[in-house]
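Since the structure comes first, as structure tokens, the remarks are kept for the end.
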Amino acid sequence: MKRVQYLHYGGPKELRLDDVKLPDAGKDQIRVQVRAAAANPMDWKIRRGEMKMLSGFRFPRGLGHDFAGVVEAVGPGAKRFKVGDEVQGVTSIRQAGTFAEYVVADEKNVWLKPSSISFEQAAALTLVSVTAWLALMTKARLRVGQSVFITGCMGGVGRSAVQIARMRGAKVAGSCSASEREEALALGVSEVVDYHVFDIAPYRHRFDVVFDPAAALSLSQCGAMLKRHGISLHTAPTFAKLIGCLLSPRHHLVFANPTPQALAGITEAAERGKLVPAIGRVVPLSEAISAVIELERTGSPKGKLVIVP
């Protein structure tokens, strides 16, 4: 089978499309024929070696973590799925490798794809929606009438967070580029801030939750924006934020480890049309490397990049 992978941490030149042995499904795992996979910033952050402590040092290493596809084989002990099931899911950070014709994943990180959405939509929703759901619903326990500020509200995680917060009945403010202002308003962001000219002064002590998927704010800035019992949530485990989150009960790191409750909530929201991804570009596996490099370098396209093997 074909897979996008790399043999060393480093720049884009490390990426290669190789023929590799079909992986076996191990204990409590399934093998999925990939119909669609989606790119995320963490893909190139890991490739550059910025998350070595989490991703490890085993090579060759595949690229990509989101996927949607059809179950092709079931490993020993895996009982939730059967061959032919249409599913979506994520690999662990150490597994990776969804930019491929087949991928093996732990059964616990996979769930049935709603029949009402496409494979491309399912792949584009997976990791970003899990992250946003765990942040707002699990960590923050967001309630009706609370106020939340979301950085990068038109990004993958940010867009999902806006939709989840609105679905929950919260009041949403957020930052994005000036060119995305009208789209953000249409999505339900009531107060849109241009991140290029963001000034914290008008936002002091205004929010129950500050969610920073864009890694645009320091912990001190987040603290200044929070109400007395508010919390801030972060997805980029920089050294400063790791230490700050360990030392303060107001600041929390969020990792996209799916839970049954999160998966059930995301599936229901997607089926109801309340959680919809923005897909910017769909490319075949043969063009995945050039498309990922362009996305990393330019931020284009806006919306999710989806790879279809």
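The values are calculated or read from the model by the stated rules, or taken from the named source; none is laboratory data. Computed from a prediction, not measured in an experiment: that's the story for all the values here. In this analysis, Cβ positions are derived from the backbone assuming ideal geometry, glycine residues included, and neighbour counts consider all displayed protein chains. SASA here: full protein model, heavy atoms, side chains in, ligands and nucleic acids out. Shrake-Rupley method; radii C 1.70, N 1.55, O 1.52, S 1.80 Å.
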### Task
Just the number, please: percent antiparallel of the DSSP beta bridges in the chain, rounded to the nearest 5.
55 percent
### Message
At 0.36 nm per residue, and after removing the present C-alpha to C-alpha distance, how many nm does the segment from Lys227 to Asp18 gain when stretched out fully?
### Response
70.1 nm
### Query
If you compute Cα extents along the principal axes in Å for the structure shown, which of (1) 65, 47, 34; (2) 56, 39, 38; (3) 64, 43, 36 do you land on?
(2)
### Query
Roughly how much of Asp24 is accessible, in Å² to the nearest 10, using a 1.4 Å probe?
110 Å²
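Set the Förster radius R0 to 25 Å, insert the Cβ-Cβ distance between Leu242 and Asp199 as r into 1/(1 + (r/R0)^6), and round the FRET efficiency to 0.05.
0.35
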### Task
Please work out the C-alpha center-to-center distance from segment 215-254 to segment 14-35 and express it in whole Å.
36 Å
### Query
How big is the antiparallel share of DSSP beta bridges in segment 171-262, given as a percent to the nearest 5?
0 percent
### Query
Per the helix-only calculation at 222 nm, which mean residue ellipticity applies to the chain, given -39500 (n - 2.57) for every DSSP H run of n ≥ 4 and division by its residues, nearest 500 deg cm²/dmol?
-8000 deg cm²/dmol
### Summary
A chain fully extended from Ala216 to Glu287 at 0.36 nm per residue, minus the present Cα-Cα distance, gains in nm 22.5 nm
### Task
Quick one: net charge around Leu125, please, counting Lys, Arg +1 and Asp, Glu -1 for every other residue with C-beta under 9 Å from its C-beta.
0
### Summary
Expected vector for segment 102-116, Karplus 3J(HN,Hα) from phi with 6.51, -1.76, 1.60 and θ = phi - 60°, integer Hz, x for Gly and Pro, equals 9, 9, 9, 9, 5, 4, 5, 9, 10, 9, 5, 6, x, 5, 7
### Message
Can you sort Val71, Val197 by solvent-accessible area, 1.4 Å probe, largest first?
### Response
Val197, Val71
### Query
On full extension of the chain, what length is gained from Ser118 through Glu191, given 0.36 nm per residue of separation minus the C-alpha to C-alpha distance?
23.1 nm
### Task
Calculate the length of the line joining the C-alpha centroid of segment 73-106 to that of segment 108-142, in whole Å.
16 Å
